[in-house]
Amino acid sequence: MTTFGALLETLLARRQFSTRSFARAVKSSKSSISGITNGERTPPLDRLEKWCDALGLRGQERQQFLDLAALAHLPQEARPRFFAWYDEYHRLKADYAELLAQTRRVAER
């Protein structure tokens with residue numbers, strides 16, 4: 001599973017933000033953003049909606065960003081179990097969507 005810091009770093013690169021320019025856009029310090037992308041700091045949950053807006057995140061991409069930010073605040077010892085659950089949840093969700101699609105195709109025949 002992707003960490004919040006890795007996701008933020010990827011999004012910054014895709015949107016052609018430097019760490020400094022993103023920090024300015026969200027009224028934060030360059031060292032704070034660097035610490036978050038490096039996994040040394042946790043993201044500020046109270047500012048994430050503004051970060052999503054600055055990055056232009058919508059829909060599922062926005063939700064993943066917010067979910068990973070919340071997960072970054074879990075105690076280290078709880079993360080492996082939670083990530084396993086999270087991955088399983090998304091696998092089951094995809095399987096369910098595929099079953100629904102198959103059911104619709106059969107019903108249309």
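The values are calculated or read from the model by the stated rules, or taken from the named source; none is laboratory data. What you see is a predicted model, and the numbers here were worked out from it, not measured in a lab. Glycine gets a Cβ as well: all are built from the backbone with ideal geometry, and neighbour counts include every protein chain shown.
Every residue in region 46-89 that is hydroxyl-bearing (Ser, Thr, Tyr) and in contact (Cβ under 8 Å) with a residue 24 or more places away in the chain, please. Show your work before the answer.
Taking region 46-89 as the starting set, the residues that turn out to be hydroxyl-bearing (Ser, Thr, Tyr) are 86, 89.
If the condition is that a residue be hydroxyl-bearing (Ser, Thr, Tyr) and in contact (Cβ under 8 Å) with a residue 24 or more places away in the chain, then Tyr86 is the only one that fits.
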Given the residues Phe83, Phe65, Phe22, Phe17, which is the only one that is outside the structural domain of Thr3 (by TED's automatic domain parsing), closer than 21 Å to Thr3 by Cβ and hydrophobic (A, V, I, L, M, F, W, C)? Phe83
Name every residue in region 55-73 that is loosely packed, with under 13 Cβ neighbours inside 10 Å and of a type in the set (Gly, Ala, Ser), in order of residue number. Gly56, Gly59
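Would you tally the residues in region 51-109 being of a type in the set (D, E, K, R), farther than 29 Å from Arg14 by Cα and part of a helix (DSSP H, G or I)?
7
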Given the conditions (1) part of a loop (DSSP other than H, G, I, E, B); (2) surrounded by fewer than 17 Cβ atoms within 10 Å (Cβ to Cβ), and given that Asp46 satisfies all but one, which numbered condition is not satisfied? (1)
Restricting the first residue to region 33-45 and requiring it to be in the same structural domain as Thr2 (by TED's automatic domain parsing), which pairs with a second residue that is of a type in the set (Lys, Arg) meet a Cβ separation below 8 Å and a spacing of at least six or different chains? Gly35/Arg41
Of all residues in region 26-41, how many are out of contact with any Lys or Arg (no Cβ under 7 Å at 6 or more places or on another chain), assigned to a helix (DSSP H, G or I) and exposed (fewer than 15 other Cβ atoms within 10 Å of the Cβ)? 1
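In a helix (DSSP H, G or I) and surrounded by 12 or more Cβ atoms within 10 Å (Cβ to Cβ), is that true of Phe17?
Numbers: in a helix (DSSP H, G or I): no; surrounded by 12 or more Cβ atoms within 10 Å (Cβ to Cβ): yes.
No; evaluated as a whole, the condition is false for this residue.
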